[in-house]
Number of protein chains: 2
Amino acid sequence: MQLHKYDVVEAATAILDAYGIADLTMRRLAKELNVSPGALYWHFANKQQLLGAIADRILQPARDVPAVTDWRERIVAVCSALRDALLSHTDGAELVSASFAAGQSQAAGDILTALSAAAEDAGVPSAEAELAARTVIYYVLGFTVDEQSKLQWDSAGVLDPQESVAAIDHDRRFGFGLRLLIDGLGVISTVS
Amino acid sequence: MQLHKYDVVEAATAILDAYGIADLTMRRLAKELNVSPGALYWHFANKQQLLGAIADRILQPARDVPAVTDWRERIVAVCSALRDALLSHTDGAELVSASFAAGQSQAAGDILTALSAAAEDAGVPSAEAELAARTVIYYVLGFTVDEQSKLQWDSAGVLDPQESVAAIDHDRRFGFGLRLLIDGLGVISTVS
DNA sequence: ACCTGAACACCGTTCAAGT
DNA sequence: ACCTGAACACCGTTCAAGT
């Protein structure tokens, strides 16, 4: 039977979830799909492009959050959905971070657009709305990469119990940083 | 003559500046130093640790910015020095970003501490000061990774002139995003 | 203490040739 | 159109053995 982009991305996601990003190699993926490594290059130009497709797959649940009118609520909804999506896959935050920086994820671009619109609603001049949206995404990605590496270290049992991270209230901390940004956006609407 | 950590970091920085992070391999570095690849592992436990040392070298100029009393000015001074340091080396932002996420840069930790102190001065409760500082660093790293990749694409002549990035005022944009964060911190001092 | 030589176990990517 | 086989040009890391 023929190989389709969809199957490749599914198999790649399965490797990611089970073994992490370090084990997500073209050769390993090809083996899992019972094809030769070269076959993957018929469907994807290079590894970066494939990672972009995986990023899109991971971000699917965060793409269309129900549109709410209040821009503050909308930012919170989008960012929470984004964080949840990243935490749903092993090394998800790291993979999406890299794909976002490389400009390889369509879905990440859509989320950026949604946040830009929210920033404009907050009163940010349209010339700066995308930068404001990027600032928010930098935060969510940075925070979640950190959080996830701690969570994964913890579940791997590397830390001794007393310094376990389980006690830390990540949700509350995430909200605190997000409020910081939303407050900053709020000030702009007051000033200009 | 003997190999010292210092020489290794200097040679690595030279490769980085001349050829970029993709060419900064242990084997290539060993060749440049006229030693066998294994020799590097006497001085550094692994590549990550070496990259951390390079990050420290890059961040040197940003480590001790003159202490100014006003916390807003202090954040601006630290972040500007940080961005300047990153832009002074090819792929500097990307390398430091990775080392910061991996917790391998002493200097990045110091900068985090300085920003935490500024956040406390802004009125952020000490339990959240580090998160506030991290939020600021996520912004500077994210922004500068983006900026640098555009600058380097441009100087490589990949873009056609009409969409050249030279016209974009990066300084102004950097300041805009930074103000967003500082305004957010300012609100906290007002509320609590 | 510090380094070499040589190996181990891999990588991403390309491309003529096959079906 | 889609894939195989095989190669190209590399990686990071380890470790017995040398000095």
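The values are calculated or read from the model by the stated rules, or taken from the named source; none is laboratory data. In this text the structure is predicted, and so the values were computed from the model without any measurement. Every residue, glycine among them, receives a Cβ derived from its backbone with ideal geometry; neighbour counts consider all protein chains shown.
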> Is at least one residue of the stretch B:38-59 modelled with pLDDT under 95 and closer than 25 Å to residue B:120 by Cα?
Replying inline: no
> With (1) within 27 Å of residue B:156 (Cα to Cα); (2) within 13 Å of DNA strand D (Cβ to nearest atom); (3) away from chain A (no Cβ under 14 Å) as the list, and residue B:89 as the residue in question, which single condition is left unmet?
Replying inline: (2)
> Which condition does residue B:69 not pass, out of (1) under 22 Å from the mean Cα position of the chain (by Cα); (2) modelled with pLDDT under 95, if it passes all the others?
Replying inline: (1)
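Does at least one position in the stretch B:142-151 carry a residue that is outside any helix (DSSP H, G or I), more than 9 Å from chain A (Cβ to nearest Cβ) and either touching a residue at least 12 places away in the same chain (Cβ under 8 Å) or surrounded by fewer than 17 Cβ atoms within 10 Å (Cβ to Cβ) (or both)?
Taking the stretch B:142-151 as the starting set, the residues that turn out to be outside any helix (DSSP H, G or I) are none.
The answer is no, given that none of the residues of the stretch B:142-151 is outside any helix (DSSP H, G or I), more than 9 Å from chain A (Cβ to nearest Cβ) and either touching a residue at least 12 places away in the same chain (Cβ under 8 Å) or surrounded by fewer than 17 Cβ atoms within 10 Å (Cβ to Cβ) (or both).
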> List pairs: first in the stretch A:34-46 and closer than 9 Å to residue A:3 by Cβ, second of a type in the set (Lys, Arg) and more than 6 Å from DNA strand D (Cβ to nearest atom), Cβ under 9 Å, 6+ apart or cross-chain?
Replying inline: A:40/A:47; A:43/A:5
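Those residues that are among the hydrophobic types (A, V, I, L, M, F, W, C), farther than 19 Å from residue A:101 by Cβ and either modelled with pLDDT under 95 or away from DNA strand D (no atom under 15 Å from the Cβ) (or both), I need them from the stretch A:16-37; list them, please.
Keep residues of the stretch A:16-37 that are among the hydrophobic types (A, V, I, L, M, F, W, C), which gives A:16, A:18, A:21-22, A:24, A:26, A:29-30, A:33, A:35.
Restricting the remaining residues to those that are farther than 19 Å from residue A:101 by Cβ gives A:18, A:26, A:29-30, A:33, A:35.
Scanning the stretch A:16-37 gives a single hit, A:18.
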> Quick one: which helices (runs of 4 or more DSSP H) sit completely within the stretch B:8-117 and have at least 1 residues that are more than 16 Å from DNA strand C (Cβ to nearest atom) and loosely packed, with under 15 Cβ neighbours inside 10 Å?
Replying inline: B:47-63, B:71-87
>> What pairs come out if I take residues in the stretch A:1-20 that are farther than 10 Å from residue A:33 by Cβ and pair them with residues that are part of a helix (DSSP H, G or I) and near DNA strand D (Cβ under 10 Å from one of its atoms) whose C-beta lies under 8 Å away, six or more apart or interchain?
In response: A:4/A:43; A:5/A:43
>> So residue A:116 ticks every box in (1) modelled with pLDDT of 95 or more; (2) facing chain B (nearest Cβ under 10 Å) but one. Which box is left unticked?
In response: (2)
>> Out of everything in the stretch A:38-48 that is away from chain B (no Cβ under 14 Å) and of a type outside the set (Phe, Trp, Tyr), what residue ends up being farthest from DNA strand D (Cβ to nearest atom)?
In response: A:45
